[in-house]
Amino acid sequence: MKGSSHIFKRAMVRLLGNERRQPVTIPLFAIALSLLAGGVVILILGKNPLTAYQNLLQGSGLLPKPSYAGFKSMLTDFTSFMNAWTPMLFASLSVAVALRAGLFNIGVSGQMLTAGFLTTLVVGYSTLAAPVAKPLVLVVGIVAGAAVGGLIGWLKHQFNINEVVSSIMLNYIAQYVISFFINTYYVNPVSRQSNAVSKAARLTLMDTPVGNLKMDIPLGIVLAVLTAVLVKFLLDRTVFGYEMKCVGTSRNAARYAGINVGRNVISSMIFSGALAGLAGVTYYLGYFGSIQPRVLPSTGFDAIAVSLLAGSNPIGIIFSSFLITIISKGSTYMSSSSGLESEIASVITGMILLFSACGVFICYKVKGFKDELREEEERRDS
């Protein structure tokens, strides 16, 4: 028993003990544990985990399906996957920016909904031509999201209202106020959702003929990836990013060093809200073309798992958001092919969040294993 314990500790140290690689190895270990735990749940339900995970990849266009409907292929599935990936990437960056400043922006969904609704009214229902409408959608979305995020930051600075509380309350306010306006003025009697936005304002080119296929081409995915690179640069290479990190580490120390803590709290939430606004417009005027009343987008909550999994690293978020989108996007096909409920995807995502939250504890245990092994070697040598 003692020998097996020693082997386990040595294996863990060899696998996860390199501190420089831990920002990569710990999340990968968390993903492996969550997929293993998810596989156990699937086994309990009487299904094959490997088949279920294969279905997730097939539903996301990363593996071919046995058959396709007319005008569809693996490529059309993948472009549809990228369409869903775009708002997830923006939303996850929004959470990461707030976390860098020591803030927890749990109101990304409300900021997405607010930005999507206001942009729909201002641009989506207008008669503007596409060259004007599409850039204006981005601008209005950024301004709307930044306004809500800035309000949360101002409440935090001015009245010390916890940003978690204020953002949750604003989520509910946005959800029900916007639902009232949609159901009163903008509801489509057939779909019971808001009226569809114009094609000129939509950030996804829907059913675009490419050869013998019809694709949904997301225009925002390139912008989302470039934004991740830009956010990485701003956080790591600018004074603004350094001050955010100082405020997030210790506000008293930052204040002592002459940093304006209040200004940084507000500006960080404005920045986070602007990214949430981009997530909102790529979701409601891209992936979807309308808004479902009284429903907050789950993307804003899944983004928390994505950001924690990546350690709030913008480049890591590109990959973690890719993974979480595979799980959420492929769940429908998994459900139809494997006979599993699509909610199992949420279970897997929740497990990823759980194991990711244990990252610090895993680091602590691995460090303890290293110390124990070092002491054993010293005793043996002496």
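Note on the stretch 175-207: among residues that are within 27 Å of the chain's Cα centre (by Cα) and either open to solvent by 80 Å² or more (accessible area, probe 1.4 Å) or of a type in the set (V, I, T) (or both), the one that is farthest from G116 (Cα to Cα) is D207. The test for being without any contact (Cβ under 8 Å) to a residue 60 or more places away in the chain, farther than 29 Å from G153 by Cα, among the hydroxyl-bearing types (S, T, Y) and open to solvent by 20 Å² or more (accessible area, probe 1.4 Å) holds for S342. Scan the stretch 250-267 and tell me whether some residue there is in contact (Cβ under 8 Å) with a residue 60 or more places away in the chain, of a type in the set (V, I, T) and under 27 Å from I362 (Cβ atoms). Scanning the stretch 250-267 turns up no residue that is in contact (Cβ under 8 Å) with a residue 60 or more places away in the chain, of a type in the set (V, I, T) and under 27 Å from I362 (Cβ atoms).
Among the residues of the stretch 86-124, the ones that are open to solvent by 10 Å² or more (accessible area, probe 1.4 Å) and at pLDDT below 95 come to 5 in all. When the residues of the stretch 46-85 are filtered to those that are part of a loop (DSSP other than H, G, I, E, B) and touching a helix residue (DSSP H, G or I) at 6+ places or on another chain (Cβ under 6 Å), the one that is surrounded by the fewest Cβ atoms within 10 Å (Cβ to Cβ) is P64. Pick from the stretch 1-45 the residues that are among the small types (G, A, S) and closer than 19 Å to M351 by Cβ: which of them is surrounded by the fewest Cβ atoms within 10 Å (Cβ to Cβ)? Step by step, filter the stretch 1-45, then rank; the result is A32. For beta carbons closer than 9 Å, sequence separation of 6+ or different chains, a first residue in the stretch 172-191 that is among the aliphatic types (A, V, I, L, M) and a second that is open to solvent by 90 Å² or more (accessible area, probe 1.4 Å), the qualifying pairs are I178/R294; I182/Q292; I182/R294. Looking across the stretch 216-246 at every residue that is closer than 16 Å to N313 by Cα and β-branched (V, I, T), the one that is modelled with the lowest pLDDT is identified as T238.
Has the stretch 160-174 got any residue that is farther than 30 Å from A101 by Cα and either in contact with a Leu (Cβ under 9 Å, 6 or more places away or on another chain) or open to solvent by 40 Å² or more (accessible area, probe 1.4 Å) (or both)?
Kept after step one, since they are farther than 30 Å from A101 by Cα, are these residues of the stretch 160-174: none.
No.
If you go through the stretch 150-208, how many residues are touching an Asp or Glu at 6+ places or on another chain (Cβ under 8 Å) and among the hydrophobic types (A, V, I, L, M, F, W, C)?
Qualifying residue count for the region: 4.
Once the stretch 257-310 is narrowed to residues that are of a type in the set (F, W, Y) and closer than 12 Å to G116 by Cα, the residue that is least open to solvent (accessible area, probe 1.4 Å) is Y284. Pairs linking a residue in the stretch 368-380 that is free of Cβ contacts under 8 Å to residues at least 60 places away in the same chain to a residue that is open to solvent by 60 Å² or more (accessible area, probe 1.4 Å) and not in a helix (DSSP H, G or I), with Cβ atoms under 9 Å and 6 or more positions apart or on different chains, do not occur.
The values are calculated or read from the model by the stated rules, or taken from the named source; none is laboratory data. Not measured: the values here are computed from a predicted model. Cβ coordinates were reconstructed from backbone atoms using ideal geometry, including for glycine residues, and neighbour counts include every protein chain displayed. The protein model used for the area step is the full one, side chains on, heavy atoms only, and it has no ligands, DNA or RNA in it. Shrake-Rupley method; radii C 1.70, N 1.55, O 1.52, S 1.80 Å.
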